[in-house]
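S.K.: Handing you a structure now.
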Amino acid sequence: MATSATPIDGIAAAAFRSVLQRVQRAAERSGRESRQVRVVAVSKTKPVSLISQVYDAGHRCFGENYVQELVEKAPQLPGDIEWHFIGNLQSNKVKPLLAGVPNLAMVESVDDEKIANNLDRVVGSIGRKPLKVLVQVNTSGETSKFGVEPSECVELAKHVSLGCPNLEFSGLMTIGMLDYSSTPENFKRLSNCRAEVCKALGIPEEQCELSMGMSADFEQAIEMASTNVRIGSTIFGAREYPKKQVQT
Ligand SMILES: *Cc1c(COP(=O)(O)O)cnc(C)c1O
């Protein structure tokens with residue numbers, strides 16, 4: 001557009017900057033630098049205009065958890081965004097997701113072999129670069145259909161790593177509780193899973209990301225070695241529907 005951008009920083013951009021500072025301080029407390037912790041700005045239910053504010057503040061990594069919504073928004077936003085898909089993915093949505101979002105950088109929510117196989121096949125058939133994936137682990141013990149049990153993480157990580165040539169196994173993800181709260185126990189369980197997976201695959205822990213921590217607990221997650229925090233409401237404001245529905 002030819003019209004000049006407003007010189008006044010939007011509210012989401014300001015919130016984003018403050019999140020970055022908190023991330024930086026938490027990273028320092030964990031003996032790391034902030035560039036070792038990726039911030040996924042979770043923009044679900046939020047309009048493209050708000051996402052653009054955070055993009056214009058220099059951010060490039062955003063997360064969505066509904067295929068339909070992502071496929072609608074992605075083409076309206078710059079192509080150098082690295083999208084993370086963080087929601088439950090159904091097999092019949094794999095093709096629209098990959099076809100509609102060429103700049104999809106990562107699927108964080110792979111929780112069974114079937115979805116891994118589907119992603120692998122579709123990535124191969126459309127001829128894009130290998131897709132990074134995380135294995136989602138249910139660390140809370142809640143009866144939820146999402147995420148493998150901690151005892152199953154090695155098997156699925158092996159399957160992705162050895163049996164899916166078009167996928168790049170990149171680590172593990174957890175949501176904690178259904179209400180988006182997590183505890184140090186959740187984070188501890190995920191890092192235990194990482195130790196097992198790395199041993200089984202013979203890879204160093206630096207090659208296995210830990211995606212944990214959301215608005216309520218990202219600083220604690222970073223102090224417990226998270227490499228990828230998914231932050232929604234603290235950047236974009238509260239969402240306008242009950243949180244419960246997010247999981248369905
Ligand atoms: C919505 C969502 C988030 C962000 O939650 P906030 O509490 O708003 O930061 C993180 N991870 C997943 C998987 C989500 O669906």
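No value in this document is a laboratory result; all are computed from the given coordinates. In this text, all values refer to a predicted model and were calculated from it rather than measured experimentally. Please note: Cβ atoms are built from the backbone with ideal geometry, for glycine as well, and neighbour counts cover all protein chains shown.
S.K.: Can you list the residues, at least 5 places off or on another chain, whose amide H is less than 5 Å from the amide H of Met173, using H built in the peptide plane?
M.R.: It is Val135, Gln136, Val137, Ser211, by chain and number.
S.K.: In addition: Between Arg60 and Glu240, with labels modelled 7 Å along Cα→Cβ, what's the label distance in nm to one decimal, could you check?
M.R.: 3.2
S.K.: Which value at 222 nm does the chain reach when only helices count, each DSSP H run of 4 or more adding -39,500 (n - 2.57), with the total divided by all residues and rounded to the nearest 500 deg cm²/dmol? Each step should come with its number before you reach the end.
M.R.: On the way: 9 runs with 95 residues, N = 248.
Taken over the chain, the calculation gives -11500 deg cm²/dmol.
S.K.: Related question: Using Cα pairs closer than 8 Å and at least 6 residues apart in sequence, work out the relative contact order for the stretch 7-236, in percent. Can you show the working numbers first?
M.R.: On the way: 435 pairs, mean separation 48.2, N = 230.
It rounds to 21 percent for the stretch 7-236.
S.K.: For Arg25 and Phe146 in the same chain, what is the full-extension length gain: residue separation times 0.36 nm, less their Cα-Cα distance, in nm?
M.R.: Details: separation 121, 0.36 × 121 = 43.56 nm, distance 3.16 nm.
40.4 nm is the gain from fully extending Arg25 to Phe146.
S.K.: For the stretch 45-53, in order, what is each residue's ³J(HN,Hα) by Karplus, 6.51 cos²θ - 1.76 cosθ + 1.60 with θ = phi - 60°, in whole Hz (x at glycine and Pro)?
M.R.: Working through the residues one at a time gives 6, 9, x, 3, 4, 6, 4, 4, 4 Hz.
S.K.: A further question follows. Can you give the extra length, in nm with one decimal, that the chain gains between Glu205 and Arg35 once fully stretched, where that is 0.36 nm per residue apart less the Cα-Cα distance? Working shown, then result.
M.R.: Numbers: separation 170, 0.36 × 170 = 61.20 nm, distance 1.70 nm.
Using 0.36 nm per residue and subtracting the Cα-Cα distance, I get 59.5 nm.
S.K.: Set the Förster radius R0 to 35 Å, insert the Cβ-Cβ distance between Asn92 and Glu196 as r into 1/(1 + (r/R0)^6), and round the FRET efficiency to 0.05.
M.R.: Rounded to the nearest 0.05, the efficiency is 0.65.
S.K.: Residues in the stretch 30-59 near a label at Asn103, defined as backbone nitrogen under 15 Å from the 7 Å Cα→Cβ point?
M.R.: The answer is 41, 43, 48-59.
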